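The values are calculated or read from the model by the stated rules, or taken from the named source; none is laboratory data. What you see is a predicted model; the values in this text were computed from it and never measured. Here the Cβ positions follow ideal geometry from the backbone for every residue, glycine too, while neighbour counts run over all protein chains shown. Areas reflect the complete protein model, heavy atoms only, side chains present, ligands, DNA and RNA absent. Shrake-Rupley method; radii C 1.70, N 1.55, O 1.52, S 1.80 Å.
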Amino acid sequence: MQNDKLKSLLETVWTPFGLIAGLAVVTLFVQLMGTGTVQSFWTEILIRIILVTGFYIFIGNSGVFAFGHAAFACVGGYVAAWLSMDAMFKQIMLTGLPGWVQSAHVAPWLSVFAAMAAAAVAALVVGAVIVRLSDIAASIATFAFLLVVNRIYSNWDSVTGGAAPLTNIPSLGGIWASFVFMAGALVIAWLFQQSRFGLMLRASRDDEVAAMATGISVYRMRLVAFVLSGAVMGCGGAVYSFFLGILTADVFYMSLTFLLLVMLVVGGAESLTGVVVGVVAVSCVSEVLRLGEEGVALPNGDMLALPLGMQQILLGIFMVFVLINRADGITRGSELPLPKAFRKPQSIVSGERKTAS
Amino acid sequence: MAEPLAETATRAREALEIKHVSVLFDGLAAISDVSLRLAPREIVGLVGPNGAGKTTLVNVLTGFQKPTKGTLHLDGADARGWSPARVRGAGVARTFQAGRLFKKLDVLENAQVAGIASGLSKAGARRRAQDVLEQVGLADAHDKIAGSLPYTDQRRLDIARALCSAPKYILLDEPAAGMSDSECEELMGIIRSLPAVHGCAVLLIEHNMHVVMSLSDRLHVLDGGRTIIEGLPEEVQKHEAFLSAYLGAEVAE
Ligand SMILES: Nc1ncnc2c1ncn2[C@@H]1O[C@H](COP(=O)(O)OP(=O)(O)O)[C@@H](O)[C@H]1O
Ligand SMILES: [Mg+2]
């Protein structure tokens, strides 16, 4: 009996545990063996997992495609930078910031939490309107929100530096600092998806009318998910800005949005495992394409390179190719399966049911 | 001694009730001046040919369709204009003619989520779902994805889901459609037991006259959006108007 309980616990925590453990092994390997380039390539993958998880918490559970989430990463990225940057720089360059922000010198890891809170508040305000719209209108409205945020952040010179990038953003620490926040994002997403809110939201994703008839307040569930996904985007944006060390609003704009959505869709938008699979698969393909754009030297000394811009075109084609073969993405909405040895045999499952009822 | 009197008074108001309801779609009447009352723990059969307005009536009773004219009362409260979720919260559950399961969730989750929406804890909703699934004969299908179930099991799951939120009134829209005779008989056994086992009243839409007659305390016959007859099954059976309306539909199908 004790053993059964253990196994059933294992079944519920296996997916995030398995994913995090797998990523930890690779991270350790990269840290020990990888060159600087490989390490930053992998760190960027870990950060993209945070960001795609942010998209996933809303899109995956609600079925509503919200394109604008990069805006929350932007909000978070700037909050983290403002709080943690050197005071002197802020007093000279960012004269529009309130005094207490100018003089603030918060530890980077702490300012990640502030970034999450700020992004969550932004998501609450925007989400309260957006989740009441029908699916297509909601998608367009989130997109419009991204445009608005980008315009504001690109032009509000006294606060964001405008077109001139913010520099001297401190670093969060090594590869493991990003890893910890990535693990946190996966755990949050998993807890939400297993929670009563997550279950109700996934029900409404499958059939909104039946969900209403079942007494589910679809708006409320969507709003909860929207705020949570906004917070995780804020976290991702903050960690990303620490990773880059330099920030403009365009970092969190169209090309990032496109890349993250390709990752989500290729991996499978309806499972957390799909997030990880999609980020890793697309990052690898796009890295190969990027190297292709840089070109390789042929033995005779000529350079063979893809024309510039091919990276994104081929990435789009790659996505279409995956979707033609697997419309629900690589994982088809299923989660990481529990290794056979740990699975409960079927008879024990039904025995448990009888004792429980 | 005042208490029993007050109790009688509340009981008299306890009902899901529409009065003189009409529903117009683009000026065309789908329902015209229909009154219907479902009291606690009774089974009322709603019959009529296709297009008679049965589903529209269920939509009115569950907040999915606002009546153009007429009133809707739930246990004495004016429920006109309530959202479906609010009506559901006040004790009225329904099933759908077209299934409408949560296709990608498994069977247990489909039932469990209804209990959760009605305020139970996850574990409590799970226990309730297990019980109800057992009653409708889906105990061995917990882990199956709802969309992959055979058609008749989907109908059963739809009923189980409605029951999991512990409704006081349950409205079943052609639950036996597409079932074989023996499956239908089994299902009717379950429906017959609902008032006793779950303490809920049933509005049953069903085409098989033999079945409805044997199950229902009262019958309500619609045709062309109007009430043709209502009353005890024996009374209704005697009516010529009903038989021709109904038999006409049988032939037309
Ligand atoms: N949303 C709607 N818009 C327009 N007409 C409708 C709508 N719903 C139902 N109707 C019409 O109302 C009438 C009654 O339909 P319905 O209630 O589905 O009948 P039943 O369930 O008895 O077969 C039909 O003529 C149908 O075409
Ligand atoms: Mg109908």
| field | Enumeration of residues in segment B:50-96 that are under 21 Å from B:Leu222 (Cβ atoms) and touching a Phe, Trp or Tyr at 6+ places or on another chain (Cβ under 7 Å) | value | B:Gly63, B:Val92
| Boolean, A:Val224 is within 12 Å of chain B (Cβ to nearest Cβ) and not basic (Lys, Arg) | no
| Across segment A:171-186, what is the number of residues that are in a loop (DSSP other than H, G, I, E, B) and either on the phi > 0 side of the Ramachandran plot or open to solvent by 40 Å² or more (accessible area, probe 1.4 Å) (or both)? | 3
| Can you find a residue in segment B:216-227 that is modelled with pLDDT of 80 or more, under 16 Å from the mean Cα position of the chain (by Cα), within 16 Å of ligand 1 (Cβ to nearest atom) and outside any strand (DSSP E or B)? | no
| query | Got a sec? Which of A:Tyr219, A:Tyr153 is within 14 Å of another protein chain (Cβ to nearest Cβ), aromatic (Phe, Trp, Tyr) and part of a helix (DSSP H, G or I)? | reply | A:Tyr219
| One residue from B:Ala162, B:Ala166 being part of a loop (DSSP other than H, G, I, E, B), within 20 Å of A:Gly215 (Cβ to Cβ) and more than 16 Å from ligand 2 (Cβ to nearest atom) | B:Ala166
| note | Taking segment B:92-111 and the residues there that are free of Cβ contacts under 8 Å to residues at least 40 places away in the same chain and aliphatic (A, V, I, L, M), the one that is nearest to A:Asp328 (Cα to Cα) would be B:Leu108
| If you go through segment B:50-101 one residue at a time, how many are open to solvent by 20 Å² or more (accessible area, probe 1.4 Å), of a type outside the set (A, V, I, L, M, F, W, C) and within 16 Å of ligand 2 (Cβ to nearest atom)? | 8
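For (1) of a type outside the set (Val, Ile, Thr); (2) farther than 25 Å from B:Leu105 by Cβ; (3) within 16 Å of ligand 1 (Cβ to nearest atom); (4) modelled with pLDDT of 90 or more, each residue gets a yes or a no:
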site	(1), (2), (3), (4)
B:Cys164	yes, no, no, yes
B:Pro167	yes, no, no, yes
B:Glu174	yes, no, yes, yes
B:Cys184	yes, yes, no, no
B:Gly199	yes, yes, no, yes
B:Leu203	yes, yes, yes, yes
B:His207	yes, yes, yes, no
B:Val211	no, yes, no, no
| query | Which condition breaks for A:Met212 when tested against (1) open to solvent by less than 20 Å² (accessible area, probe 1.4 Å); (2) within 14 Å of another protein chain (Cβ to nearest Cβ)? | reply | (1)
| request: Determine, yes or no, whether A:Ala137 is open to solvent by 20 Å² or more (accessible area, probe 1.4 Å), without any contact (Cβ under 8 Å) to a residue 60 or more places away in the chain and among the small types (Gly, Ala, Ser). | output: yes
| remark: Output for Cβ contacts, cut-off 9 Å, separation at least six or different chains, first residue more than 10 Å from chain A (Cβ to nearest Cβ) and open to solvent by 20 Å² or more (accessible area, probe 1.4 Å) in segment B:126-141, second assigned to a helix (DSSP H, G or I) and small (Gly, Ala, Ser), reads B:Gln135/B:Ala160; B:Gln135/B:Ser193
| Sole residue being within 14 Å of the chain's Cα centre (by Cα), part of a helix (DSSP H, G or I) and assigned by TED's automatic domain parsing to the domain that holds A:Ser84, chosen from A:Phe226, A:Phe243 | A:Phe226
| said: Quick test of your reading of the structure: B:Gly89 fulfils all but one of (1) more than 9 Å from chain A (Cβ to nearest Cβ); (2) within 18 Å of the chain's Cα centre (by Cα). Name the failing condition by number. | reply: (1)
| request: List the number of the failed condition for B:Thr55; all other conditions in (1) within 21 Å of the chain's Cα centre (by Cα); (2) without any contact (Cβ under 8 Å) to a residue 40 or more places away in the chain hold. | output: (2)
| said: Given the options A:Val129, A:Val125, name the one that is open to solvent by 20 Å² or more (accessible area, probe 1.4 Å) and without any contact (Cβ under 8 Å) to a residue 12 or more places away in the chain. | reply: A:Val125
| query | Would you say A:Ala120 is in contact with a Leu (Cβ under 8 Å, 6 or more places away or on another chain), surrounded by 13 or more Cβ atoms within 10 Å (Cβ to Cβ) and over 22 Å from A:Leu244 (Cβ atoms)? | reply | yes
| task | Kindly indicate the residue of segment B:196-223 that is touching a strand residue (DSSP E or B) at 6+ places or on another chain (Cβ under 6 Å) and open to solvent by 60 Å² or more (accessible area, probe 1.4 Å) and also farthest from ligand 2 (Cβ to nearest atom) among those meeting that condition. | result | B:Asp217
| remark: Matching residues in segment A:286-318 (closer than 17 Å to A:Val266 by Cα and open to solvent by less than 40 Å² (accessible area, probe 1.4 Å)) number 4
| query | What do you reckon, is B:Ala29 away from chain A (no Cβ under 14 Å), within 13 Å of ligand 2 (Cβ to nearest atom), of a type in the set (Gly, Ala, Ser) and over 12 Å from the mean Cα position of the chain (by Cα)? | reply | no
| Quick one: B:Arg156 ticks every box in (1) within 27 Å of B:Glu14 (Cβ to Cβ); (2) of a type outside the set (Ser, Thr, Tyr); (3) assigned by TED's automatic domain parsing to the domain that holds B:Val113 bar one, so which box is it? | (1)
| said: Being more than 14 Å from B:Val44 (Cα to Cα) and touching a Cys at 6+ places or on another chain (Cβ under 7 Å) is the filter here; which residues of segment B:173-205 pass it? | reply: B:Ala176
| note | Quick count over segment B:32-49, residues being closer than 27 Å to B:Gly199 by Cα and away from ligand 2 (no atom under 13 Å from the Cβ), is 12
| remark: Filtering segment B:169-195 down to residues that are within 13 Å of ligand 2 (Cβ to nearest atom) and within 14 Å of chain A (Cβ to nearest Cβ) yields B:Leu171, B:Leu172, B:Asp173
| remark: When segment B:30-49 is checked residue by residue, the ones that are part of a strand (DSSP E or B), crowded, with 17+ Cβ neighbours inside 10 Å and of a type outside the set (Val, Ile, Thr) are B:Ala30, B:Ser32, B:Leu36, B:Leu38, B:Gly45, B:Leu46
| task | Identify all residues within segment A:331-356 that are at pLDDT 50 or above and open to solvent by 60 Å² or more (accessible area, probe 1.4 Å); write none if there are none. | result | A:Arg332, A:Ser334, A:Pro337, A:Lys340, A:Ala341, A:Phe342, A:Arg343, A:Pro345
